[in-house]
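Note sheet for the following structure.
The values are calculated or read from the model by the stated rules, or taken from the named source; none is laboratory data. Predicted model only: the values in this text are computed from it and were never measured. Heads up, the Cβs are rebuilt from the backbone with ideal geometry, glycines too, and the neighbour counts pull from every protein chain shown. Keep in mind that these areas ignore ligands, DNA and RNA; they rest on the heavy atoms of the full protein, side chains included. Shrake-Rupley method; radii C 1.70, N 1.55, O 1.52, S 1.80 Å.
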Amino acid sequence: MKAVILGGTSGMGREIARRLAERGDLLFLLGPRKKNLERSAADLVARHPDKVDVAFAPCDLLRPEGFSEALDAADAALGGFDTVIVTAALFATQEALEADVDLTQRLVTANFANTVLFCEHARKRLLARGGGRLCVFSSVAGDRGRKPVAIYGASKAGLSAYLEALDHKFHAHGLSVLCVKPGFVRTEMTAALQPPPFAGTPDRVATQVIRAMDRGKPLVYSPPVWAWVMRVIRWLPRFVMRRIGF
Amino acid sequence: MSATMTLEGWGRLAMPGREVVSCDLESLTAKAVLSRGLGRSYGDCSLPARPDDRVANSLMADRILGFDPGSGVLRAEAGLSLAQINRLFLPRGWFPPITPGTKFVTLGGMVASDVHGKNHHRQGCFGEHVRALRIRLGDGDIVECSPNVHPDLFYGSIGGMGLLGHILEVEFAMGPIPSPWIWMESSRMSSIEAFLDGLAEAALRWPMTMGWIDCLSRGSSLGRGILMAGRWASVEQTGGAAFKTAAERSLPFELPNFVLNRWTARAFNALYYWSHWRKRRERLVAPDPFFYPLDAILHWNRAYGPRGFTQYQCVLPRAAGPAAVREFLQRLVKLGSPSPLCVIKDCGPEGSGTLSFPLEGTSIAVDMAISPDIQGIVDRLNELVIAAGGRIYLTKDGFTRPDHFRAMEPRLPGFLQTKKKWDPSGRLRSAQSVRLFGDCP
Ligand SMILES: Cc1cc2nc3c(=O)[nH]c(=O)nc-3n(C[C@H](O)[C@H](O)[C@H](O)COP(=O)(O)OP(=O)(O)OC[C@H]3O[C@@H](n4cnc5c(N)ncnc54)[C@H](O)[C@@H]3O)c2cc1C
Ligand SMILES: NC(=O)c1ccc[n+]([C@@H]2O[C@H](COP(=O)([O-])OP(=O)(O)OC[C@H]3O[C@@H](n4cnc5c(N)ncnc54)[C@H](OP(=O)(O)O)[C@@H]3O)[C@@H](O)[C@H]2O)c1
C-alpha cells in the first residue's frame, strides 16, 4: 500500500499510520504543523521493518488552496499513491460552538466543505490511475440530529452522505470508499469529556479500520457496538429524541 | 482538556486532582506541577498534593524520535511504554538494558524512579543507560541535559520522582540480544541463609537473578523460597523456536477485602513453594513470564479489594549481614501482614542518580493490604531499616514518616539543594514530596 494520511500525527490516525508502517506499507503524512509532522515521521521510520523514509508536507483543512500542492508532493514522494486516509477534523463541544460563531464557521468549513474538497482532489487522482482506496473518518454523531452534537454532528452527517454517494457512484470504476464512524474513542479530541462505558481505544479502531480497508468495505462503526447503539437511536421516534439529552 | 477526578497509584490510594492529557507534552506540561505515566508506582509519588494541582499524563506522547540500529540508542517521548518498546524491538533483537517487574511503565516513570531489574548486580539501574533527557523546568524553560550538560539536573532527575522537572524526552541505549527467549534456572531454597548464599553464588554465574520468598513460614524454614536466574538464550538453546507474544487476562472486578487474608496468603505461598517439587530446574521460557509474571493478569491490584494495598520495599546494606535480613523477616512475620508476594534481590553498587534507591546489599519487597495497623507496621520496619543503614524505595512508598526518611537518606539535603537551583519557586510537587521532602502543601 502507498498511503497518504491527513491527520496521522495523533489519535486514531497515528495508530493507523503505525500499523501500516509496521507491516511495511509506504506512507506520506499531511498535517497543519511541520514540527509535529517531523516527529511523527521519525516515529514511523523507527517502526518500519525496513526503516524506509517517511516524507510529509504541510496541509491545513482551513486552507483548501494548498490541497493540490500537498497531494502533488505525496505523489512525487510515493511514486503515485493508491490510498488516501483522512482522519483530521476539528471538534468542539456544542456549548463552545453556540458561544462562538467564528469557531462554528471554522469547524463546519473544515469538517464538511473542505474535507469534501480534499476528497474530490484525492478521488480524481485515484480514478485517473484506475482506482484505489479512500478512507475517511466521519462520526456516529452524523447518524441522527442530536442535542449534544447539533453542529459537529451536522458537519459529519453531510460528510457521511457525500462518502456514501461516492461509493455508489465510483465503486464500479475501481474506487473503494470507506466511511468510518467512530463512537467514543479515547484520544486528545475527547480528553475533556466523560467517557461512556464502552469507550474505544485508538489501537482497536486502527485494527478494525485497516481490516475494513483491506476487505474493501464501504462502512465501519468502531468500536463495533456502536452499530447497534446507532441502529436503536435511528429508530427512536422524534418525540423521544426531543425529550432525551442524548 | 482537564477534568476533576480522583487519581490513583497502583496500590489504589486515591487523591482528588486534575489530570490532563495531550500528544503535545510541551504544551501539556506548561502549567502542570507534576507528571505521571502509567501510574504503576504504588504510593503517592504520582499523585497531586492539592485537588487543583494539574498533573500532566504523558501517555499520549509516545513517539519514537530516533533509533540507531548500529548503536542501539533510542530517543523517544516520555510516555512511550516498555510494553510498546518490547513489542517492537524484541523480534528485531533488541531489549531495554533494564526492565522492572512490569512492562506497563513509561520511559518517564523509569527515569523518575531510576528503576532496577533482575540484572541490577551487573547492569545497575536504568539511569546508568540514559544518555540525555529533555526537561521542562518548573518555571517553564525547556532544557536538554546529559552527564556533561547540566549534570546536576541530569543526575537529580534520575530517581528524582519528577520533582526537578517534567521529563519530555528520554535517550537511552538498548542492548542487543541473541534470541527473544530466556534460559532460566530455578532452585528451591530452604531458609533465608541458604537463599542469600544462593543469590550470591548465582550472581557470579547469571546476569539476571531474583527470588520469591514465602514470608509467612517461620523458624528454620523462615525465608524459604524459589530462586530464579536467567540469561538470554543462545540461538542453539532455543532450537529455532519462533517468538510469540503472551495473551493477557484482566481481573474484571474488585475482589472483596476478605478474599486475601492470612490463611489464603499462607496457602498460596505453600502451594507455590511446593509446586517447585524438584530442587533445581532449567528450561527455556518466553521473556514475558520471566520478567513480568504479574502482567499476565491486568488489574491484578483489584485482588486486594477496596481497601487497597501498599508495597514495602527496602534495601539492607551488605555490611549489615544476613542477620539483618533474618531479623527483617522475623519482624515481618511477627507484625503479621498477610502477603502473597515477597521478592528478594541482591543489588550491586549504588547508582549515580542523586536519590537512586538501590545500594550494595539485599532488597526485599512485600505487598501489604491496607489495614488500620499499616502505619505501625511501616514504622516498625523503617526503624529496623534505619538501624541497619538501609533505605526505602520512594516509588513504592505511601506511609513512611518524614523523620524516618531523613534518618535513612543522608543524600536528601544535596537533592533539595539541586531542587532549589532548578525549581527556585518550588512549583513542582507531589503528595509524596509534601509528605516527605517538606514541600509546601
Ligand atoms: C507489578 C510491578 C512490578 C514492579 N517491579 C519493579 C521492579 O522490579 N523494579 C523497579 O525499580 N520498580 C518496579 N516497579 C515500580 C515501577 O517500575 C515504578 O513505579 C515506575 O516508576 C512506574 O512507571 P510509571 O510510568 O507507571 O510512572 P508513574 O507511576 O505514573 O509515576 C512514577 C513517578 O515517576 C514520575 N514521573 C512519571 N513520568 C514522568 C515524566 N514524564 N516526567 C517526570 N516525572 C515523571 C511521577 O511523578 C512519579 O513520581 C513495579 C511496579 C509494579 C506495579
Ligand atoms: N475521538 C472520538 O471519540 C471520535 C468520535 C467520532 C468521530 N471522530 C472522528 O475521528 C477522526 C479522528 O479523531 P481523533 O480523535 O483521532 O482526533 P485527534 O487525535 O484530535 O487528531 C486530529 C487530527 O487532525 C489534525 N488536524 C487538526 N486540525 C487540522 C487542520 N486544520 N488541518 C488539518 N489537520 C488538522 C491534527 O493534527 P495535529 O496533530 O497537528 O494537531 C490531528 O492529526 C476525526 O475526524 C474525528 O472527528 C472521533
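Please list B:111-119, B:370-378, B:215-223 highest first by mean number of surrounding beta-carbon atoms within 10 Å per residue.
For the peptides B:111-119, B:370-378, B:215-223, the packing ranking is B:111-119, B:215-223, B:370-378.
Working note: Karplus 6.51/-1.76/1.60 with θ = phi - 60° gives segment B:392-409 the couplings 9, 9, 4, 5, 9, 8, x, 10, 4, 7, x, 5, 5, 4, 4, 5, 9, 10 Hz, where Gly and Pro are set to x.
Please find the FRET efficiency linking B:SER27 to B:TRP274, where r is the Cβ-Cβ separation and R0 is fixed at 45 Å, and quote it to the nearest 0.05. Display every interim value, and only then the final one.
Numbers: r = 56 Å, r/R0 = 1.24.
Plugging the Cβ-Cβ distance into 1/(1 + (r/R0)^6) gives 0.20.
What share of the DSSP beta bridges in chain B is antiparallel, in percent to the nearest 5? So the antiparallel bridges in chain B amount to around 90 percent. Listed by chain and number, the lysines whose C-alpha is less than 23 Å from the C-alpha of B:LYS420, apart from same-chain residues fewer than 8 away, are B:LYS31.
For segment B:182-404, the dipole from Cβ point charges (+1 on Lys and Arg, -1 on Asp and Glu) about the Cα centre works out to 620 debye, to the nearest 20. Accessible surface calculations at 1.4 Å, restricted to protein heavy atoms, place segment A:2-243 at 45 Å² per residue. With R₀ fixed at 45 Å, the C-beta to C-beta distance from A:ARG144 to B:CYS440 puts the FRET efficiency at about 0.30. Amide H to amide H, with H built 1.01 Å from N, B:LEU316 comes under 5 Å of B:THR362, B:SER363, B:ILE364, counting only residues 5 or more places away or on other chains. Placing pseudo-labels 7 Å out from each Cα toward the beta carbon at A:ARG242 and A:HIS171 gives an inter-label distance of 3.7 nm. The loop-placed trypsin sites (Lys or Arg not before Pro) in segment B:287-326, going by DSSP, that have at most 16 neighbouring Cβ atoms within 10 Å of their Cβ come out as B:ARG307. In chain A, helical runs assigned H by DSSP with n ≥ 4 each contribute -39500 (n - 2.57); averaged across all residues and rounded to the nearest 500, the mean residue ellipticity at 222 nm is -14500 deg cm²/dmol.
In whole percents, the pair-distance distribution calculated for segment B:240-376 from its alpha-carbon pairs, binned every 5 Å from zero, is 2, 8, 13, 17, 18, 18, 14, 8, 3, 0, 0.
By accessible area of protein heavy atoms, probe 1.4 Å, what ranking do B:THR106, B:THR6 get, highest first? List each step's numbers first, then the result.
Values: B:THR106 5, B:THR6 90 Å².
These residues rank, largest area first, as B:THR6, B:THR106.
Here segment A:172-240 is treated as a sphere whose radius is the Kirkwood value from Cα pairs; by Stokes-Einstein at 10 °C and 1.306 mPa s it diffuses with a coefficient of 117 µm²/s.
The charge dipole of the protein assembly as shown, taken about its Cα centre with unit charges on the Cβ of Lys, Arg, Asp and Glu (plus for the first two, minus for the last two), comes to roughly 1800 debye.
Taking the Kirkwood radius as Rh and the Cα radius of gyration as Rg, chain B has a ratio of Rg/Rh equal to 0.94.
With chain A treated as a Gaussian network of Cα nodes joined by springs under 10 Å, which of A:LEU193, A:LEU178, A:LEU27 yields the largest mean-square fluctuation? Result: A:LEU193 has the largest fluctuation of those listed.
Given +1 at the Cβ of Lys and Arg, -1 at the Cβ of Asp and Glu and no other charges, the dipole of chain A around its Cα centre is 880 debye to the nearest 20.
Overall size of segment B:1-158 from C-alpha positions, given as principal axis extents largest first: 45, 33, 27 Å. Each label point is 7 Å from the Cα along the Cα-to-Cβ direction; what then is the distance between the points at A:ASP102 and B:SER234, in nm? The two pseudo-label positions are separated by 7.0 nm.
Per-residue surface analysis assigns B:LEU204 an accessible area of about 140 Å², computed on protein heavy atoms at 1.4 Å probe radius. Normalised per residue, the accessible area of segment B:156-287 is 47 Å², obtained with a 1.4 Å probe and no contribution from ligands, DNA or RNA. Estimated from the Cβ-Cβ distance and a Förster radius of 45 angstrom, the FRET efficiency linking B:ILE142 and A:TRP228 is about 0.45.
Distance between the 7 Å Cα→Cβ label points at B:ALA407 and B:PHE243: 4.8 nm.
Size check on segment B:1-71: the Cα extents along the three principal axes, sorted descending, read 45, 26, 15 Å. Grab segment B:182-404 and count how many Lys pairs have their alpha-carbon atoms under 23 Å apart, sequence gap of 8 or more, or different chains. Close lysine pairs under the 23 Å cut-off: 4. Chains B and A together bury roughly 1700 Å² of accessible area, counting both sides, with a 1.4 Å probe on protein heavy atoms only. Between the listed residues B:ILE192, B:ALA388, B:TRP274, the Cα displaced farthest toward the positive end of the dipole of segment B:182-404, a dipole computed from Cβ unit charges relative to the Cα centre, is found at B:TRP274. Taking every Cα-Cα distance in chain A and sorting them into 5 Å bins starting at zero, the pair-distance distribution P(r) comes out as 1, 6, 14, 19, 20, 18, 11, 6, 3, 1, 0, 0 percent.
Across the alpha-carbon set of segment B:129-220, the Rg to Rh ratio works out to 1.20, Rh being the Kirkwood radius. For the set A:VAL180, A:VAL52, the ranking by accessible area, highest first and with no ligand, DNA or RNA atoms included, is A:VAL52, A:VAL180 under a 1.4 Å probe. Between amide H atoms placed 1.01 Å from N, distances below 5 Å from B:ASP53 occur with B:ARG18, all of them 5 or more places distant or on a separate chain. Of B:LEU227, B:LEU47, B:LEU294, the residue with the greatest mean-square motion in the GNM of chain B, using alpha carbon springs below 10 Å, is B:LEU294. Contact order, relative form, for chain B: 18 percent (alpha carbon pairs under 8 Å, 6 or more residues apart, mean separation divided by residue count).
Extents of the protein assembly as shown, taken as max minus min of Cα coordinates on every principal axis and listed largest first, are 82, 57, 53 Å.
Evaluated over segment A:2-243, the count of Lys pairs having alpha-carbon atoms less than 27 Å apart is 24 (only pairs 8 or more residues apart or interchain).
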